[in-house]
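Okay, structure first, notes after.
The values are calculated or read from the model by the stated rules, or taken from the named source; none is laboratory data. All values derive from a computational prediction rather than experimental measurement. FYI the Cβ positions are ideal-geometry reconstructions off the backbone, even for glycines, and counts take in every protein chain you see. For the accessible areas, the whole protein counts, side chains as well, though only heavy atoms, and no ligand, DNA or RNA atoms are used. Shrake-Rupley method; radii C 1.70, N 1.55, O 1.52, S 1.80 Å.
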Amino acid sequence: MKKIFVSPSILTADFARLEQECKSLEKSGADWIHCDVMDGSFVPNLTFGMPVIKSIRRCVVLPLDVHLMIDKPERYVKQFAEAGADLITFHIEATDKVSEALRLIHSCGKKAGLSIKPNTPVGALTPYRGLFDMVLIMSVEPGFGGQEFIPSATDKIRRAKQLFPDTLVEVDGGINVETAKQVIEAGADVIVAGSAIFGAADRAAAITHIRKGK
Ligand code: DX5
Ligand code: ZN
């Protein structure tokens, strides 16, 4: 059976206790830590930037899966790489310099992810084949945690896996045990979950259930 990666999103963490929160994810069996960076322009919400990534880098050894929801991400790739991101994902809708940004991530020695919003077809990724290591299918409109899973994401995951069989497919938004089962069946490799993990009394159990889809 293939490995399913669980990448908990810290969007719903208690930011006053971020070190303990990240360490608790590490102890609970998370594979990566998903860091949602928002700029109040590409999405109608603001979160955090490089200094927070740098601080998280110092308290855990897990790979940092940095999801940039910012306009013109190429402006900040180098700084996120230096702050300690291992994988940098940005949105195809956020820049007209997609190839350049993907190459820039690689030139910083990091893995590159390319993401699409719910209304962007999977085919939009095709021109960039070979330039990314992962695709991120958003299963909610980016901007906020705790939203409901958009069911059409499941078909998009299936399509992405057909088009890019050797590329990791990540899914983000509205994932709980139920929706995890659907996206794993559709071929997802990396599952992001925020509220389902942070809202659980037992985070290790929540991560295990999401990974198994049951
Ligand atoms: C939404 C973020 C997600 C979100 C996931 O824009 O990219 O990572 O925080 O949170 P849940 O799992 O609560 O939908
Ligand atoms: Zn995210």
Evaluate the following for residue 126: is it more than 22 Å from residue 195 (Cα to Cα) and either at pLDDT below 95 or away from ligand 2 (no atom under 16 Å from the Cβ) (or both)? yes
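Considering each residue of segment 99-139, count those that are of a type in the set (Phe, Trp, Tyr) and either open to solvent by less than 10 Å² (accessible area, probe 1.4 Å) or outside any helix (DSSP H, G or I) (or both), and give that number. Steps first, answer last, please.
Going residue by residue through segment 99-139, those that are of a type in the set (Phe, Trp, Tyr) are 128, 132.
If we keep only those that are either open to solvent by less than 10 Å² (accessible area, probe 1.4 Å) or outside any helix (DSSP H, G or I) (or both) as well, we get 132.
Residues that pass the stated criteria total 1.
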Filtering segment 135-194 down to residues that are more than 15 Å from ligand 2 (Cβ to nearest atom) and under 12 Å from the mean Cα position of the chain (by Cα) yields 189
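Would you check which residues across segment 27-77 are more than 13 Å from ligand 2 (Cβ to nearest atom) and polar (S, T, N, Q) and list them? Quick ask: steps written out before the conclusion?
Our first condition is that a residue be more than 13 Å from ligand 2 (Cβ to nearest atom); within segment 27-77, this holds for 27-31, 39-41, 44, 46, 49-63, 71-77.
Selection gives 28, 41, 55.
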Filtering segment 140-188 for residues that are more than 8 Å from ligand 1 (Cβ to nearest atom), touching a residue at least 40 places away in the same chain (Cβ under 8 Å) and assigned to a loop (DSSP other than H, G, I, E, B) leaves a count of 1
